[in-house]
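Accompanying notes for the structure given below.
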Amino acid sequence: MSRTDPIRRDGKMLAIRSYAVSLFRVALVWGAVIAAELFVRQLFDTFAPPAPRGYGPRSALTTYAAVGTFVLLGVVEASRTRGLRSAPVVAILAGIVGHLLGIAATAILYFTVIAPDATKLTTFDMTGGWDEALAFSVVVPLIGALLAFVGALMTRAVSRAWALTGLQKART
């Protein structure tokens, strides 16, 4: 029966812990970006709501912003780590953190501004209300992981193309 070397085992645990902390720190930054997007959207829905049939442009803009954020997250994370695996992990963590922060900010806005005003309360319900805020918290991180992986794949493809054409050597 062989025993593992305690120093080697502790070194591996330290490396895993260090890597996890690094991923979480990056996810906190991206989570703040996602929370800001959610909060700005909620501010517009509260103070400048679209016409009853005018949700198309607002919906398209917020969708494109979310897609762009997650793809950019994948590009940046793949460039930072030179790998594909960390981008979806960071995207899931960032999506969860961002939505938790977004829900907290929405709750503060809801109880201070929206709930006391019947018109704003009706608008809040028309724009999705709590159902949308909570349901998106589950769905968006998963879709974001896929989009971040696409961004990471794009980074890998560009990196390989540079290596084949010799542009990377000329740059350095």
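What follows is calculated from the coordinates using simple rules that are stated; it is not laboratory data. From a predicted model like this one, the values you see are computed outputs, not experimental measurements.
Things worth noting here:
- Our summary gives the chain a relative contact order of 33 percent, counting only alpha carbon pairs under 8 angstrom and 6 or more residues apart.
- Geometric extent, Cα atoms of region 65-140 - Rg, Dmax (angstrom): 16.1, 52
- Working note: Cα gyration tensor of region 35-76, eigenvalues times five, square-rooted, sorted largest first, giving semi-axes of 23, 12, 4 Å.
- Helix 86-109 and the longest principal axis of the Cα set of the chain meet at an angle near 30°.
- Restricting the calculation to Cα atoms, region 4-121 yields a radius of gyration followed by a Dmax of 19.3, 67 Å.
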